[in-house]
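Input: a single structure, listed below in structure tokens.
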Amino acid sequence: MIEINHHKYSFPKVLTFGFIFVILIGTFLLMLPISTNKGLHTSFMTALFTSTSATCVTGITLVDTATHWSWFGKLVITLLIEIGGLGFMTFTVLMFLLIRGKMSMSTKLLTSESLNLSTVSQFDIVYLVLKLSVAIQIIGAGLLFVDFYPRYGFQKGLAFSIFHSISAFCNAGFDLFGNSVQNFANNTYVLGVFAFLILAGSLGFLVWKDILTYRQNHRLSLHTTLALRTGFALFTLSFVMYFITENNLSQLADQLDVKQRLVNTIFMAITPRTAGLITFPYNELTASGMAFTIMLMFIGGTPGSTAGGIKTTTVGLLVIQSISTLKGQQEPTFAHRRFSQENIFRAIALIWVALVLVIAAIVVLTKTQALPKHDTLEYVTFEVVAAFGTTGISLGVTHYFNYFGQAIIMILMFIGRVGIYTVMYSILNAKPKQKSYHYPKEDILIG
């Protein structure tokens, strides 16, 4: 039985290397001849890229998932998506519970780090993660099967239902249709099921816990309140922006009626923040729509969910802090609560590091890669932010990248899924130190 020695390995380091281990196992399995359809070959880089994209629930691919991989390869990808979406530590917990029925304190602490839990006393969230995730994905698969069974038959319909329910709930962006969900642009039922699964996965497990226990507790935590309000505000803003910038998807006017275009606009307001499923090619977006999509992908979903990005609560916290500062208030408040200074400092540092990371990747890729001459900066920026936000919406630029460029995209996907702080703490081996002295304060000019 594996025990975690927290004196030798820090929690972030174990979490980081745990994801790397899963990716390498997935790479090995995808390189097996049984994983590829007859007549096709999978190189090491293709297998590594696909395994990274699946484990980091991104969806950017180098080969067509539907035609390149065999049933075994698709099964491997499905398992990688599930492990990456729920966090490999959740499955470690399940193994411990099945074998021993209890875990060491160090394993509980690591799982709390993996699921963004603030205290070990919240450890019952792990049980909720497992039960809720399985229940939602089964319900999603059942709802999709209603449409897929008459369309594809029993066996293929069931396989497609299970795969896409897992992919949508884990916000992975992988599909077996070959063109995402563009074939269902006029199918409001299927789009509604996908939207439900995407929202369920991107809300975050702590939010779900608060919602499901609200009748007993009669209160929502500050985290849940901020996450829900920020998420709703972003959805509303997204719908209005896309309705205006894309003229309610007027580019689909010859294919869809006004009602169907409205549903697609709503779907579009949900998916760019992390899901990666699209109903039309995003290279047909207007320039303003493209810029807004990049912003949404950078923000991402809720902490503790299957989503990537800098997270909604980070943005919500800094918006509240900015408004308070402009009003001359020293302490920002929200829902009759104050935020800790540590929360504010971490949010500022997170956005700063994320911006530096994304800008550095854009500069390096535009300098080192052979890219199409038209809209180079726009396309590279979109691809980089899609990788960092684990969104998976691609404009097809990654296919032009050499191994070095593909490695940068993989690193961005990995950091976006595991988390900037987790990866940085692993690399820097950071340990909080309390100083016994303080330097004098002095103000500087700002703005």
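Inclusion of residue 325 among residues that are polar (S, T, N, Q) and open to solvent by 60 Å² or more (accessible area, probe 1.4 Å) is warranted. Each residue in the stretch 167-192 was checked for being surrounded by fewer than 24 Cβ atoms within 10 Å (Cβ to Cβ) and on the phi < 0 side of the Ramachandran plot, and 15 pass. When the stretch 158-181 is filtered for residues that are within 28 Å of residue 396 (Cα to Cα) and part of a helix (DSSP H, G or I), the ones remaining, listed by number, are 159, 160, 161, 162, 163, 164, 165, 166, 167, 168, 169. Criterion applied to 390, 333 was being among the polar types (S, T, N, Q), under 22 Å from residue 289 (Cβ atoms) and modelled with pLDDT under 95, and the one residue passing it is 390.
Residue-by-condition table, conditions (1) in a helix (DSSP H, G or I); (2) within 21 Å of the chain's Cα centre (by Cα); (3) buried (at least 24 other Cβ atoms within 10 Å of the Cβ); (4) modelled with pLDDT under 95:
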{"position": "62", "(1), (2), (3), (4)": "no, yes, no, yes"}
{"position": "67", "(1), (2), (3), (4)": "yes, no, no, yes"}
{"position": "72", "(1), (2), (3), (4)": "yes, no, no, no"}
{"position": "76", "(1), (2), (3), (4)": "yes, yes, yes, no"}
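Here residue 351 meets each of (1) touching a strand residue (DSSP E or B) at 6+ places or on another chain (Cβ under 7 Å); (2) of a type outside the set (Gly, Ala, Ser); (3) modelled with pLDDT of 90 or more with one exception, condition (1). The set of residues in the stretch 145-162 that are closer than 17 Å to residue 78 by Cα and open to solvent by less than 10 Å² (accessible area, probe 1.4 Å) comprises 157, 161.
Remark: pairs (first residue in the stretch 53-77, over 16 Å from residue 411 (Cβ atoms); second residue assigned to a helix (DSSP H, G or I) and open to solvent by 40 Å² or more (accessible area, probe 1.4 Å); Cβ separation under 6 Å; 6+ apart in sequence or on different chains) = 72/34; 76/29.
Annotation: residue 182 fulfils all but one of (1) modelled with pLDDT of 90 or more; (2) more than 21 Å from residue 293 (Cβ to Cβ); the unmet one is (2).
Counting only helices (runs of 4 or more DSSP H) that fall entirely inside the stretch 197-313 and contain at least 1 residues that are open to solvent by 10 Å² or more (accessible area, probe 1.4 Å) and touching a residue at least 24 places away in the same chain (Cβ under 8 Å), the qualifying elements are 205-212, 222-245, 258-270, 287-299.
For the stretch 334-349, the set of residues classified as in contact (Cβ under 8 Å) with a residue 12 or more places away in the chain, within 15 Å of residue 226 (Cβ to Cβ) and open to solvent by 10 Å² or more (accessible area, probe 1.4 Å) consists of 334, 335, 337, 339, 343, 346, listed by residue number.
Give the stretch 358-377 a look and list any residue that's out of contact with any helix residue (DSSP H, G or I) (no Cβ under 7 Å at 6 or more places or on another chain) and either under 19 Å from residue 230 (Cβ atoms) or surrounded by 13 or more Cβ atoms within 10 Å (Cβ to Cβ) (or both), or say none. If the condition is that a residue be out of contact with any helix residue (DSSP H, G or I) (no Cβ under 7 Å at 6 or more places or on another chain) and either under 19 Å from residue 230 (Cβ atoms) or surrounded by 13 or more Cβ atoms within 10 Å (Cβ to Cβ) (or both), then 375 is the only one that fits.
Looking at 237, 206, 222, just one residue is at pLDDT 90 or above and of a type in the set (A, V, I, L, M), and that residue is 237. For the stretch 378-396, a residue qualifies if it is more than 25 Å from residue 85 (Cβ to Cβ) and open to solvent by less than 10 Å² (accessible area, probe 1.4 Å), and exactly one does: 380.
The values are calculated or read from the model by the stated rules, or taken from the named source; none is laboratory data. Here the structure is a predicted model, which is why all the values come from computation and not from measurement. With ideal geometry, Cβ positions are generated from the backbone for all residues, glycine too; neighbour counts draw on all protein chains shown. Surface accessibility is based on the protein's heavy atoms, side chains included, excluding ligands, DNA and RNA. Shrake-Rupley method; radii C 1.70, N 1.55, O 1.52, S 1.80 Å.
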